[in-house]
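To start, the structure itself, in structure tokens.
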Amino acid sequence: MRNIINISKKEFADFIGNPSIIVIVIVYLLVVLASVLNINDTLQGSSDQYNISANILQSLIRTLTIYGSIIGIIIGYSSILCEKQNNAINTIIVKPLYRDTIVNGKLISCAAVMLCISSLATLIFISSIFILCNQSIIQVIIVIWDKILVVYTLSFLYLLFFLSLSMLMSILIKKQSISFLLCIILVFVFNNIIPGIGVAGNLAIIFDSDRQLITYIISGTSLDWVFINLVGYGFYDPAKNIIDVLSSCWFDVIKFIYLPLITIILCYIAFIRRDIV
Amino acid sequence: MKTILLVAENEFYLAIRHPLIIIIACILFCIAILNGVASGKLVTSADVHHIDDNDHFLSVGLSNTLFYTAVLLTSMATILGIITISDEKTSGTIHTLITKSLYRRDIMMGKYIGMSAILLLVTIIVVMLCVSMIMIFYGGPGSISEMLIRVGSYIFTLYIINEFSLSIAMLIAIVTNNLFSSLVYAGTLLWFEWFLLIPKFFCNIKLILPAEMFMAIMEGNYNGFLFETLTPYSVWITHSMPLIIFTLAMTITTLLINLIIFNNYET
């Protein structure tokens, strides 16, 4: 346990001290601010609670998931690359440490960094709304605080999935430029092309009789699609109880648990079994 | 000129066998084929249910592939820009290259021309594949001349945006010291330029983002979409021409900056 904590501390310090990561996080936080300014523009003069709630939750989801996923990919990728680049990973592996201690330490530190960044982003988002937006928007924030917590939790699991996916690609693919760029391409393909008109939409048109089923099966592989489907369950409605909403869509929400779990297990298997050079 | 073309030829053959380029090209071909097969029913249905006098061959069939094609081609341009410089810096071959009896500007121009040739080839093949698949499964457009001029403009717009992305990626690769930084900055720029919703008072930022420029050009600077045949082509070209010229100017400027920085590059 002590070894895991030592490795996590060292990894955490490496992330905090990496100038490229600091620059990207600063850019991300500016993007969060830009999202709040967008909300302010969109909701000028609006007092409809549902409209305000939908805009805030959609913007928060977009900020934490779509914009934040690149941060998750970078964190996961850098945890393996930095050591491969310096050849430190070969040194670590020959030390009297189990490989699963090393990968546990790396996963814990990456998750901790991701938790810090997403918490900071959420805090900046909420506090900027309080500072920049008008009273009607602030009142809705107070009403939907439980939904904001759910979005924060699901977004963290979403980011954990991309983090572990990029770690997995870094471990499996020797050439680092290929692993990072391939990860970005795959994320785009699985989040946009496959559930969108590119694949699901076109296949649904080709197999006309089973359109809805095909769209549901193919689009359901994407975590972004789960967020989109939450609208249908009344997630954006401030009057609806969060427990009722989650209990009606638990089958979709559970994907946020088993998909990151699968990629983390695959990371374990790949790191423990594979020759890292 | 001969040395530039030699470097360009070498870069072309190296990059065309890169696994990422092959993967992206395969994804683009699959999307083109799938879109073509689906267009048989989709475009026919649009002809029946959406009577808006637009030629649905373009406004429905071809415009369905617009977003994915543009994102994947700019990703390809970014990847090419990074691998041509950063991979060489990492492996150390750039030090060998610089010691050869070649002007540094020839090396940089050769790399740029080699990558541009790949982008032009892939852009033309992908768009032609999309068009031919729609023709096979749906049928011909309402007017062949209209289709040729608009599809030609689409290919040209895609190509100049890819050139812009390529020059920005090469700039990032030259300026950053290591592979990790260049990948992180280029990857983040690629991600945010396509998915960021820009606030209204930052709207001028589109002038430096290839993705925003692409959308603005295709929309005729928001005066009429290229694929909507109701908008006369002359209206589209009048409003898009300033943006096209600006994009070309930005590409040339970025390329000149690359040349200056690479000339002063200390190994």
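The values are calculated or read from the model by the stated rules, or taken from the named source; none is laboratory data. No experiment lies behind these values; they were computed from the predicted model shown. Cβ placement follows ideal geometry from the backbone for every residue including glycine, while neighbour counts extend to all protein chains displayed.
The helices (runs of 4 or more DSSP H) found entirely in region A:70-167 that carry 1 or more residues being modelled with pLDDT of 90 or more are A:99-132. Starting from residues that are in contact with a Leu (Cβ under 9 Å, 6 or more places away or on another chain) and under 30 Å from B:VAL131 (Cα atoms), keep the ones in region B:108-119 and report whichever is farthest from the other protein chains (Cβ to nearest Cβ). That would be B:ILE113. A:ILE70 - would you say it is within 14 Å of another protein chain (Cβ to nearest Cβ) and touching a Gly at 6+ places or on another chain (Cβ under 7 Å)? Judged against the criteria, A:ILE70 is a match. One residue stands out in region B:206-231 among those that are within 14 Å of chain A (Cβ to nearest Cβ) and closer than 30 Å to A:LYS175 by Cα: the one that is modelled with the highest pLDDT, namely B:ALA211.
So which residues in region B:1-33 are in contact with a Gly (Cβ under 7 Å, 6 or more places away or on another chain) and farther than 18 Å from B:ALA117 by Cα, if there are any at all? Of everything in region B:1-33, just one residue is in contact with a Gly (Cβ under 7 Å, 6 or more places away or on another chain) and farther than 18 Å from B:ALA117 by Cα, namely B:ILE31. The residues in region B:66-107 that are closer than 19 Å to B:GLU163 by Cβ, among the hydrophobic types (A, V, I, L, M, F, W, C) and either within 14 Å of chain A (Cβ to nearest Cβ) or free of Cβ contacts under 8 Å to residues at least 60 places away in the same chain (or both) can be counted, and the count is 12.
Scanning region B:28-76 for residues that are touching a helix residue (DSSP H, G or I) at 6+ places or on another chain (Cβ under 7 Å) and polar (S, T, N, Q) yields B:ASN35, B:SER39, B:ASN64, B:THR65, B:THR69, B:THR74, B:SER75. Selection within region A:43-66: residues that are surrounded by 16 or more Cβ atoms within 10 Å (Cβ to Cβ) and more than 16 Å from the chain's Cα centre (by Cα). The member of this set that is farthest from A:GLY232 (Cα to Cα) is A:LEU43.
Let's see how each residue does on (1) more than 14 Å from chain B (Cβ to nearest Cβ); (2) under 21 Å from the mean Cα position of the chain (by Cα):
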residue	(1), (2)
A:SER155	yes, yes
A:ILE193	no, yes
A:GLY232	yes, no
A:ILE257	yes, yes
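Here B:THR188, B:THR157 are screened, and the one residue that is part of a helix (DSSP H, G or I) and closer than 30 Å to B:ALA38 by Cβ is B:THR157. Considered as a group, the residues in region A:1-42 that are in contact with a Pro (Cβ under 8 Å, 6 or more places away or on another chain) and surrounded by 13 or more Cβ atoms within 10 Å (Cβ to Cβ) include one that is nearest to A:TYR67 (Cα to Cα), and that residue is A:ALA34. The requirement of being closer than 26 Å to A:ILE24 by Cα, crowded, with 18+ Cβ neighbours inside 10 Å and polar (S, T, N, Q) is satisfied by A:SER166. Which of (1) farther than 30 Å from A:TYR67 by Cα; (2) of a type in the set (Asp, Glu); (3) not in a loop (DSSP other than H, G, I, E, B) does B:GLU228 not meet, given it meets every other one? Going through (1) farther than 30 Å from A:TYR67 by Cα; (2) of a type in the set (Asp, Glu); (3) not in a loop (DSSP other than H, G, I, E, B) one by one, B:GLU228 breaks only (3). Can A:VAL226 be described as hydrophobic (A, V, I, L, M, F, W, C) and either within 14 Å of chain B (Cβ to nearest Cβ) or surrounded by 20 or more Cβ atoms within 10 Å (Cβ to Cβ) (or both)? Spelling it out, A:VAL226 is indeed hydrophobic (A, V, I, L, M, F, W, C) and either within 14 Å of chain B (Cβ to nearest Cβ) or surrounded by 20 or more Cβ atoms within 10 Å (Cβ to Cβ) (or both). Residue count for region B:44-65, restricted to those that are assigned to a helix (DSSP H, G or I) and either closer than 18 Å to B:GLY224 by Cα or at the interface with chain A (Cβ under 10 Å from one of its Cβ atoms) (or both): 11.
Only residues that are more than 9 Å from every other protein chain (Cβ to nearest Cβ) and either closer than 24 Å to B:ILE125 by Cα or more than 16 Å from the chain's Cα centre (by Cα) (or both) were counted in region B:183-205, giving 3. The residues of region B:248-267 that are at pLDDT below 90 and assigned to a helix (DSSP H, G or I), listed by number, are B:PHE262, B:ASN263.
Condition first: more than 11 Å from chain A (Cβ to nearest Cβ) and not in a helix (DSSP H, G or I). Can you find one or more residues in region B:168-180 that meet it? Checking region B:168-180: not a single residue is more than 11 Å from chain A (Cβ to nearest Cβ) and not in a helix (DSSP H, G or I). Please give the number of the condition B:ILE33 fails out of (1) more than 9 Å from chain A (Cβ to nearest Cβ); (2) touching a Ser or Thr at 6+ places or on another chain (Cβ under 8 Å). So B:ILE33 meets the others, but not (2). Listed by first and then second residue, the pairs with beta-carbon distance under 6 Å, at least 6 apart or on different chains, first residue in region A:21-50 and free of Cβ contacts under 8 Å to residues at least 12 places away in the same chain and within 11 Å of chain B (Cβ to nearest Cβ), second of a type outside the set (Asp, Glu) and surrounded by 14 or more Cβ atoms within 10 Å (Cβ to Cβ), are A:ALA34/B:PRO199. Considered as a group, the residues in region B:15-27 that are within 15 Å of A:LEU186 (Cβ to Cβ) and of a type outside the set (Val, Ile, Thr) include one that is farthest from the other protein chains (Cβ to nearest Cβ), and that residue is B:CYS26. The helices (runs of 4 or more DSSP H) falling completely within region A:169-277 that include 2 or more residues that are touching a residue at least 24 places away in the same chain (Cβ under 8 Å) map to A:176-188, A:211-219, A:223-229, A:242-248, A:250-253, A:255-273.
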